[in-house]
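Let me begin by handing over the structure; questions about it come next.
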Amino acid sequence: MSNSRIVVTGIGATSPLGGTAPESWSALLEGVSGTRTLEYDWVEKYQLPVTFAAEAKVRPETVLERPIAKRLDPSSQFALVAALEAWADAGSPEVEPERLGVDFATGIGGLHTLLDGWDTLREKGPRRVLPMTVPMLMPNAAAGNLSLHFNARAYARTVASACASSTESIVNAIEHIRAGYADVVIAGGTESVIHPVTIAAFSSMQALSRRNDDPATASRPCSIDRDGFVMGEGAAVLILETEEHARARGAKIYAAVVGGGVTADSYHITANDPEGLGASRAVRLALDMADASPDDVGHINAHATSTPVGDPNEYTALRSVFGDRIDEIPVSATKASTGHLLGGTGALEAIFTVLALKERVAPPTINLTTQDPEVPFRISGTPTPLGDGEHLAISNSFGFGGHNAVAAFASV
């Protein structure tokens with residue numbers, strides 16, 4: 001196992017805030033909300049209790065060539081759009097196919113294709129079900145299509161660990177590069193499941209905010225009046241490679257990804273451990289891999305989904321690692337702006353963490369009306385300067401099934 005430093009040389013994102021990573025970052029710093037009222041007939045048809053979501057600002061089918069888009073579920077469309085941006089941003093690395101890998105994630109996969117296929121079967125019969133239905137709906141479709149598009153033959157791996165998925169993919173990519181399986185890895189995640197079934201299902205379990213009259217402020221992480229998360233969609237991609245490989249080809253470097261931790265709670269299928277044992281262990285594993293201590297961390301991008309139970313549980317977990325110092329570390333809860341991209345959220349927040357280190361500023365957390373005394377993070381509604389010098393930051397992701405994933409990044 002090599003100890004080579006892994007660096008980020010390219011980023012790409014299509015999100016509720018913008019069609020590219022720079023657009024998404026700029027909107028985040030400006031305090032923009034990506035949550036809007038849904039303008040679909042099915043909202044009224046099914047009398048959904050939640051009528052809003054954080055849809056992607058730019059539809060992927062308007063970016064991709066039509067023949068390509070038609071053969072991909074929206075989740076894979078988003079993935080390809082973000083990957084094309086990241087690859088170009090990295091300078092389109094010249095790398096042997098056998099040394100290029102894909103580590104890509106989704107929480108659910110091709111939901112639209114699956115349910116559209118079911119509707120077609122019921123209404124028109126089996127002969128009208130498209131032959132591409134299975135290749136479009138399978139959870140590994142995004143990873144497979146990225147492998148095909150970029151001719152990546154080292155490996156193409158899919159992670160599906162709910163909301164921890166794409167952070168786990170980043171951790172996997174570190175391990176694969178250090179193990180010598182690849183020189184460059186396309187890592188990230190995607191999700192596109194804004195659909196009446198998912199809205200009804202998450203609403204049934206009382207997980208979604210119901211602020212239909214004011215959707216832009218519905219996601220309120222750490223606020224005492226938070227009432228649930230906002231469903232989002234989109235994709236984010238990071239190009240990862242060893243520092244030696246990057247410098248040899250003259251690539252720009254955003255930051256180093258220096259550690260990662262993945263654990264399981266084994267507590268409950270949807271609720272995280274109230275003592276934060278699995279989450280705190282993931283943080284410690286990430287810091288151990290980074291050969292760092294809790295005192296080295298200068299910024300945290302919290303998972304902070306805006307649920308009544310999840311936010312204080314995350315604070316409990318982080319306090320067990322950082323002690324009283326947790327109240328001094330600048331924390332950003334960016335789902336207030338983007339909504340929750342489920343399997344794509346970790347990669348998007350990793351990009352925000354990387355850019356926070358590069359530009360020395362922690363992004364703001366909007367919609368914080370009155371901070372919950374049980375979640376007393378150092379959190380701000382305006383951008384917070386991080387200061388000069390080297391910085392270490394972590395990005396947290398926790399998912400249904402008890403999945404915990406944490407990635408650690410360092411400025412360069």
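Looking only at residues that are acidic (Asp, Glu) and free of Cβ contacts under 8 Å to residues at least 40 places away in the same chain in the stretch 97-127, which one is farthest from Ser75 (Cα to Cα)?
Here the residue is Glu123.
For the stretch 196-207, check the following and say yes or no: at least one residue is buried (at least 22 other Cβ atoms within 10 Å of the Cβ), on the phi < 0 side of the Ramachandran plot, more than 14 Å from the chain's Cα centre (by Cα) and of a type in the set (Phe, Trp, Tyr).
No, that holds for no residue.
May I ask you to list the residues in the stretch 393-407 that are among the hydrophobic types (A, V, I, L, M, F, W, C) and surrounded by fewer than 24 Cβ atoms within 10 Å (Cβ to Cβ)?
Matches in the stretch 393-407: Phe400 only.
Among the helices (runs of 4 or more DSSP H) confined wholly to the stretch 52-149, which include 3 or more residues that are among the charged types (D, E, K, R) and over 30 Å from Tyr254 (Cα atoms)?
In the stretch 52-149, 111-124 are the helices (runs of 4 or more DSSP H) which contain 3 or more residues that are among the charged types (D, E, K, R) and over 30 Å from Tyr254 (Cα atoms).
Considering the stretch 343-362 alone, what residues qualify as being among the β-branched types (Val, Ile, Thr) and either farther than 15 Å from Ala302 by Cβ or surrounded by fewer than 24 Cβ atoms within 10 Å (Cβ to Cβ) (or both)?
Ile351, Val354, Val361
Let me ask something else. Restricting attention to the stretch 7-22, does a residue exist that is more than 17 Å from the chain's Cα centre (by Cα) and among the hydrophobic types (A, V, I, L, M, F, W, C)?
Just the residues of the stretch 7-22 that are more than 17 Å from the chain's Cα centre (by Cα), to begin with: 7, 9.
With among the hydrophobic types (A, V, I, L, M, F, W, C) added as a condition, the list becomes 7.
Looking for residues that are more than 17 Å from the chain's Cα centre (by Cα) and among the hydrophobic types (A, V, I, L, M, F, W, C), one finds at least one in the stretch 7-22, hence yes.
Can you say whether Glu314 is touching a residue at least 60 places away in the same chain (Cβ under 8 Å) and farther than 22 Å from Ser26 by Cβ, as far as the supplied structure shows?
yes
Out of Leu115, Leu64, which single residue is surrounded by 16 or more Cβ atoms within 10 Å (Cβ to Cβ), in the same structural domain as Glu191 (by TED's automatic domain parsing) and within 19 Å of Asn140 (Cα to Cα)?
Going through Leu115, Leu64 in turn, the sole match is Leu115.
Looking at Val32, Val8, Val50 in this structure, which one is out of contact with any strand residue (DSSP E or B) (no Cβ under 8 Å at 6 or more places or on another chain) and touching a residue at least 40 places away in the same chain (Cβ under 8 Å)?
Val32
Hey, could you check the stretch 269-293 for residues that are hydroxyl-bearing (Ser, Thr, Tyr) and within 18 Å of Phe400 (Cα to Cα) and say which is surrounded by the fewest Cβ atoms within 10 Å (Cβ to Cβ)?
Thr270
Please state which one of Thr270, Thr345 is modelled with pLDDT of 95 or more, outside the structural domain of Ala218 (by TED's automatic domain parsing) and of a type outside the set (A, V, I, L, M, F, W, C).
None of the others qualify; the one that does is Thr345.
The values are calculated or read from the model by the stated rules, or taken from the named source; none is laboratory data. Please read all numbers here as calculations on a predicted model, not as lab measurements. Neighbour counts run over all protein chains shown; Cβ positions are idealised from the backbone, glycine included.
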